[in-house]
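As structure tokens, the structure follows; a few thoughts come after it.
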Amino acid sequence: MKYQLRQTMLDILIRIEKDKGFSNLLLNHELQQKDLNEKDKRLLTEVVYGTVQNQITIDYYISHFMKNKKKLDLWVKQLLRMSVYQMVYLEKVPDHAVVHESVEIAKIRGHKGIASFVNGILRSIRRNGLPDLTLIKDPVERISIETSHPVWLVKRWTEMYGKERTEAMCRENLRHFPMSIRVQPMKMDREAVMEQLEKQGFTVTASQFSQQGILIQKGNIFKTNLLQEGFITIQDQSSMLAAESLKLKPGMKVLDTCSAPGGKATHIAEKMADQGEIHAYDLHKKKVKLIEEKAAVLDLHAISAFQGDARNLYEQYEEESFDRILIDAPCSGLGVINGKPEIKYEKQASDIERLATIQLDIIQSAAKLLKPEGLLIYSTCTVDKLENNQVVQTFLENNPAFGIDFSFREELSEPLQHAPGWSPEGLQLFPQDFQTDGFFLTRIKRNK
Ligand SMILES: C[S@@+](CC[C@H](N)C(=O)[O-])C[C@H]1O[C@@H](n2cnc3c(N)ncnc32)[C@H](O)[C@@H]1O
């Protein structure tokens, strides 16, 4: 295929928008299928992610140079977006090469007229430069366009957290974070893993979130044998706080209600030295296999994975039968925009409301299974108060036998104890606080 690399970029971008596909999954799939060299793989990843991350900004630039605001075919829109992305954000590809290839692709996929339209837009941007976004008067609109987050979301966050925190969060969502891994401590300790990685040319630092966490500042973790052989697993530092805050001991009986793909369930097993019972559920049968696979790679045996709806698990067990419960609830995912940028365009306020109802149902039902003096962690990877604070507040109002166990705050590392997102409902981590996913967690205790 002519212009294969850019045609592949275009195909992925079309599918992300059309099929509402996750950019990371589609990208990984394409990278495995296509015979591309390392340099091309890197460029493909950068252009696809970058184009999606900056879509609203790029659309604003494009519309500035479109005389006639007609609706564009999806492929033309995506071709323009990825071309503008390369011209504006990437220095390594010369502008004239981008314009040339885009025009050729437009000829192949469309006709001369479309090619000349694409040529016109791209050349105007080269000739005239970009409009100055700082001149946009309305602050919500400016943040929306500068950081490529939809207006409704910027407005919602501004109402919840104020303009400053919202703007910082939106900007952080565009930045590159170091990847975070967790060591399987029964197989190798953190120091040994760090040493091995350093020997292989990685730059690494120890996480402040967990004794098992490592941040990869430089190097490609997918190229080490440590991952395939289950010495480490990839997990955001923020997610490590769930198992870290459960006060686990070997021999305990633990329920993980929303478990797939098993990131936190395996961490729980590690913290229990793989001794005890971890009952791991997920609503979707296909995903149950993911939990089993992750446990197998990490050589953990205390986890039993089942399909089940967290809202009626209490029908299968006696009341008050678990020492610990983790509810890592299905959520809008608005805390993981950095890694899955399409989320910010796909989610609607109505999704948040729908999810908050499910979350409340899950916590109300699952909490029945907690023993007196048992601990329950409620966590999400979102930054929305309706899904976090409000769910916890309503649960506590309806269930006076439960209360927040704030002693988990003192158990965290010093910087986390002083995180800006503490509230009477728990801890909200914002991406800009520690360069992690946006994550909420709280610890609830059942009274005697
Ligand atoms: C945030 S993810 C869990 C991530 C997982 N805890 C980990 O650390 O790898 C939420 C999971 O909840 C599952 N889920 C959604 N609704 C559910 C329900 N009613 N009961 C059980 N699981 C559900 C989803 O399939 C999804 O895998």
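The values are calculated or read from the model by the stated rules, or taken from the named source; none is laboratory data. What you see is a predicted model, and the numbers here were worked out from it, not measured in a lab. Please note: Cβ atoms are built from the backbone with ideal geometry, for glycine as well, and neighbour counts cover all protein chains shown.
So which residues in the stretch 369-414 are buried (at least 18 other Cβ atoms within 10 Å of the Cβ), over 26 Å from the mean Cα position of the chain (by Cα) and among the small types (Gly, Ala, Ser)?
Scanning the stretch 369-414 gives a single hit, Gly374.
Can you pull out every residue in the stretch 262-288 that is on the phi > 0 side of the Ramachandran plot and within 10 Å of the ligand (Cβ to nearest atom)?
If we filter the stretch 262-288 for residues that are on the phi > 0 side of the Ramachandran plot, which is where we start, we get 262, 273-274, 276.
Gly262 - this is the single residue of the stretch 262-288 that is on the phi > 0 side of the Ramachandran plot and within 10 Å of the ligand (Cβ to nearest atom).
For the stretch 227-241, name all the residues that are touching a strand residue (DSSP E or B) at 6+ places or on another chain (Cβ under 9 Å) and assigned to a loop (DSSP other than H, G, I, E, B).
Phe231, Gln235, Asp236
So in the stretch 323-343, with the set limited to residues that are among the charged types (D, E, K, R) and modelled with pLDDT under 95, which one is farthest from Glu244 (Cα to Cα)?
Residue satisfying both the conditions and the ranking: Glu342.
Just for the stretch 201-249: of the residues that are aromatic (Phe, Trp, Tyr) and touching a helix residue (DSSP H, G or I) at 6+ places or on another chain (Cβ under 7 Å), which one is surrounded by the fewest Cβ atoms within 10 Å (Cβ to Cβ)? Even if it seems obvious, please write down each step before you answer.
The initial filter retains those residues of the stretch 201-249 that are aromatic (Phe, Trp, Tyr), namely 202, 209, 222, 231.
Next cut, touching a helix residue (DSSP H, G or I) at 6+ places or on another chain (Cβ under 7 Å) only: 209, 231.
Working: Phe209: 25, Phe231: 21.
Among those residues, the one meeting the criterion is Phe231.
Could you please let me know if Ser365 is over 17 Å from Lys448 (Cβ atoms), touching a Lys or Arg at 6+ places or on another chain (Cβ under 6 Å) and touching a residue at least 24 places away in the same chain (Cβ under 8 Å)? Lay out the reasoning, then the answer.
Numbers: over 17 Å from Lys448 (Cβ atoms): yes; touching a Lys or Arg at 6+ places or on another chain (Cβ under 6 Å): yes; touching a residue at least 24 places away in the same chain (Cβ under 8 Å): yes.
Against the criterion (over 17 Å from Lys448 (Cβ atoms), touching a Lys or Arg at 6+ places or on another chain (Cβ under 6 Å) and touching a residue at least 24 places away in the same chain (Cβ under 8 Å)), Ser365 qualifies.
Checking Ile291 against (1) surrounded by fewer than 21 Cβ atoms within 10 Å (Cβ to Cβ); (2) of a type outside the set (Lys, Arg); (3) within 13 Å of the ligand (Cβ to nearest atom): exactly one of these is not met. Which one?
It fails just one condition, (1).
Looking at (1) part of a helix (DSSP H, G or I); (2) under 24 Å from Thr382 (Cα atoms), find the lone condition where Ala269 falls short.
Checking Ala269 against (1) part of a helix (DSSP H, G or I); (2) under 24 Å from Thr382 (Cα atoms), the one that fails is (2).
Could you grab me the full set of residues in the stretch 298-308 that are loosely packed, with under 15 Cβ neighbours inside 10 Å and either within 12 Å of the ligand (Cβ to nearest atom) or in a helix (DSSP H, G or I) (or both)?
Passing the criteria: Phe306, Gln307.
Give the residue that is farthest from Pro330 (Cα to Cα), with candidates limited to residues of the stretch 243-261 that are hydrophobic (A, V, I, L, M, F, W, C) and more than 12 Å from the ligand (Cβ to nearest atom). Let's see the steps before the verdict.
Filtering the stretch 243-261 down to residues hydrophobic (A, V, I, L, M, F, W, C) leaves 243, 246, 248, 252, 254-255, 258, 260.
Filter once more, so that each one left must be more than 12 Å from the ligand (Cβ to nearest atom): 246, 248, 252, 254.
Numbers: Leu246: 19, Leu248: 23, Met252: 25, Val254: 19 Å.
Per the stated criteria, the residue is Met252.
Test Lys448 against the stated conditions and say whether it is modelled with pLDDT under 95 and either over 21 Å from Val154 (Cα atoms) or in contact with a strand residue (DSSP E or B) (Cβ under 7 Å, 6 or more places away or on another chain) (or both). First the steps, then the outcome.
Working: modelled with pLDDT under 95: yes; either over 21 Å from Val154 (Cα atoms) or in contact with a strand residue (DSSP E or B) (Cβ under 7 Å, 6 or more places away or on another chain) (or both): yes.
For Lys448, the condition - modelled with pLDDT under 95 and either over 21 Å from Val154 (Cα atoms) or in contact with a strand residue (DSSP E or B) (Cβ under 7 Å, 6 or more places away or on another chain) (or both) - is met.
Does Ala349 fit the bill of being more than 23 Å from Gln435 (Cβ to Cβ) and within 13 Å of the ligand (Cβ to nearest atom)? Can you show your working first?
Numbers: more than 23 Å from Gln435 (Cβ to Cβ): yes; within 13 Å of the ligand (Cβ to nearest atom): no.
When the stated conditions are applied, Ala349 does not pass them.
Hey, among the residues in the stretch 309-358 that are of a type in the set (A, V, I, L, M, F, W, C) and closer than 17 Å to Ser144 by Cα, which one's surrounded by the fewest Cβ atoms within 10 Å (Cβ to Cβ)?
Ala349
Which residues, taken from the stretch 26-75, are closer than 28 Å to Lys223 by Cβ and among the hydrophobic types (A, V, I, L, M, F, W, C)?
Leu26, Leu27, Leu31, Leu36, Leu43, Leu44, Val47, Val48, Val52
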